[in-house]
């Protein structure tokens, strides 16, 4: 039984120091991935160490989190980094909250959002109680008194030490120089900040340990069966009916109106970019409204009015038409101006959102809310993993180069600004093409110097597979790259 407070304190401090040494104060790469693995495995291990039974499905969450965290050491795209780290930490929050054998199969979307949200509160309050109650209870009364006396003395002495230090520094130049050098060294090494980060992580681990120990006794009903407000089904159906009417009117105007002439770049930009994001927002809000009113109008037996279900299907069908219009606008924009990160990621998100709406019909409208929640989470993880495998930055370069081969303009400035994920493809274009790509060549020369300097400064923990592949590709380029292009 992993229960002795001082053992927990040592374990928590070790975790804090390990995460600080591996992941913090470093660029994304191997170190950050290893730090995330430590976080994931710690969250997964606390339950068994506390003798808490867990459903076998939780290990699927652990595996998914480890995979997403591992991609941090593979890709260099900032967007993918945020997706990987954010999704991995979200899964850590879920893993940390699955504490009994019966919880997971009954979780709805509200549980997946509510329980991880309570983790931060539990970590803070639990850490304070851990120090105040658990550690103090292990000390003998006389030692507890001595520790309190020493801590009080340190607090009282601090202003006196500060005043006398200031006076000594003013009186003696050598002492002042020594203080300045010490302060500069501490600021350079960030030793104090690193200590604070390590202690903060240790406090979070200890806080969650205490929360897990305290929550081992409640039943799933007391945790998950939270009373919520109810709404008259007629009210919810009326809201959906109004939305169906509005969406129907929008679709009629789309069919009857004369499409504008798209001639200038501003025409394409106004019709595609602005319209796409507005319609994407519409689709997101529709999903939120459906989930909200399903929650409000569902009866105690888990069922809703048949009218609500029919109106929900009609609203989703009309939303699908709106999404098709948005995707057509984006296709026109990409056809005219090429592919970018924003256009790619938002298009992928739109496709995923279409799946989610279909999954809503298949699960929620069949009173299987828990399946909707796990499907939403699993599909999100699958999309992020698929993006990592597809290497979006390299894909963007290939698509835009294929457009250039067909006579379209090739934006060297934009493709040169992409992450090292795109560098091997750019090297292939420079070495195999007949025409000079001066902007790309200058940026490749800059990247070659920057990546070598980064490797020398950060070592293995600051490196990634993407950086390694980029360095190997850049080694094929001549040393006098970009000479002869002019300024």
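The numbers here are math on the coordinates, done by the rules we state, and not lab data. Values in this document were obtained by computation on a predicted structure and should not be read as measured data. Ideal geometry is used to build each Cβ from the backbone, glycine not excepted, and the neighbour counts take in all protein chains shown.
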_With the alpha-carbon atoms as the only input, what is the per residue convex hull volume for the stretch 12-96 in Å³?_
75
*Between residue 177 and residue 398, how many nm apart are label points set 7 Å from Cα along the C-beta direction?*
6.2
*residue 121 paired with residue 246, simple spin-label distance in nm, labels 7 Å along Cα-to-beta-carbon*: 3.2
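Where does each of 435, 370 land when they are ranked from fewest to most other beta-carbon atoms within 10 angstrom? Could the numbers behind the result be given before it?
Values: 435 8, 370 17.
Exposure proxy ranking, most exposed first: 435, 370.
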*On full extension of the chain, what length is gained from residue 351 through residue 456, given 0.36 nm per residue of separation minus the C-alpha to C-alpha distance?*
33.7 nm
*Cubic angstrom per residue, convex hull over Cα atoms of the stretch 304-439*: 106
*Send over the per residue convex hull volume for the stretch 305-347, Cα only, as a whole number of Å³.*
50
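If the convex hull of the alpha-carbon atoms of the stretch 394-474 is projected onto planes in all directions, what is the mean projected area in square nanometres? Intermediate values should be presented prior to the final figure.
Numbers: hull surface 20.3 nm².
Mean projected area of the Cα convex hull: 5.1 nm².
What order do you get for 341, 413 when you list them from fewest to most C-beta neighbours inside 10 Å?
Numbers: 341 18, 413 9.
Ranked by crowding around the Cβ, least crowded first: 413, 341.
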